[in-house]
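S.K.: Would you mind keeping the following structure in view while I ask a few things?
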Amino acid sequence: MQQEIRILPMNETHIPAIAEIERQCFSEPWSEKSLEEELGLQYAVFLTALIDDRVAGYMGTQHLGGCAYV
């Protein structure tokens, strides 16, 4: 059975799971506080991938002055 992946803007409820993914994948992970701060930035876009309403992945980008990073 194929599972549906939904892509949504990141919100506060996704942050603990995203921070856990960060801790498992990176030696210098983003903290929950850092992720929360991204929610308030006009030039930041973070998306969350959900499978069965569970965070399965995410992506983030900041774009400012004609430059961006992912």
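The values are calculated or read from the model by the stated rules, or taken from the named source; none is laboratory data. The structure presented is a predicted model; accordingly, all values stated were derived computationally and were not measured. Glycine also receives a Cβ, built like all others from the backbone with ideal geometry; neighbour counts cover every protein chain displayed. Keep in mind that these areas ignore ligands, DNA and RNA; they rest on the heavy atoms of the full protein, side chains included. Shrake-Rupley method; radii C 1.70, N 1.55, O 1.52, S 1.80 Å.
S.K.: What tally of residues in the stretch 35-56 results from selecting those that are open to solvent by less than 70 Å² (accessible area, probe 1.4 Å) and under 13 Å from ASN11 (Cα atoms)?
M.R.: Number satisfying all stated conditions: 13.
S.K.: Then there is this: For a quick check of your reading of the model, give me the residue pairs whose first member lies in the stretch 1-18 and is free of Cβ contacts under 8 Å to residues at least 40 places away in the same chain and within 11 Å of PHE46 (Cα to Cα), whose second is of a type in the set (S, T, N, Q) and open to solvent by less than 100 Å² (accessible area, probe 1.4 Å), with beta-carbon atoms closer than 8 Å and at least 6 apart or on different chains.
M.R.: Close Cβ pairs (under 8 Å, with a partner that is of a type in the set (S, T, N, Q) and open to solvent by less than 100 Å² (accessible area, probe 1.4 Å)) amount to PRO9/THR48; ASN11/THR48.
S.K.: So, in the stretch 14-32, how many residues would count as being surrounded by 10 or more Cβ atoms within 10 Å (Cβ to Cβ) and either of a type outside the set (Gly, Ala, Ser) or over 13 Å from GLY57 (Cβ atoms) (or both)?
M.R.: Counting residues in the stretch 14-32 that are surrounded by 10 or more Cβ atoms within 10 Å (Cβ to Cβ) and either of a type outside the set (Gly, Ala, Ser) or over 13 Å from GLY57 (Cβ atoms) (or both) gives 13.
S.K.: Are any residues in the stretch 1-13 closer than 17 Å to VAL55 by Cα and open to solvent by 100 Å² or more (accessible area, probe 1.4 Å), and if so, which ones?
M.R.: Start the filter on the stretch 1-13 by keeping residues that are closer than 17 Å to VAL55 by Cα, which leaves 2-13.
Of everything in the stretch 1-13, those that are closer than 17 Å to VAL55 by Cα and open to solvent by 100 Å² or more (accessible area, probe 1.4 Å) turn out to be GLN2, GLN3, GLU4, ILE5, ILE7, GLU12, THR13.
S.K.: Can you give me the ranges of the strands (runs of 3 or more DSSP E) entirely in the chain with at least 2 residues that are at pLDDT 95 or above?
M.R.: Values: elements: 5-9, 44-51, 54-64, 67-69.
Output list reads 5-9, 44-51, 54-64.
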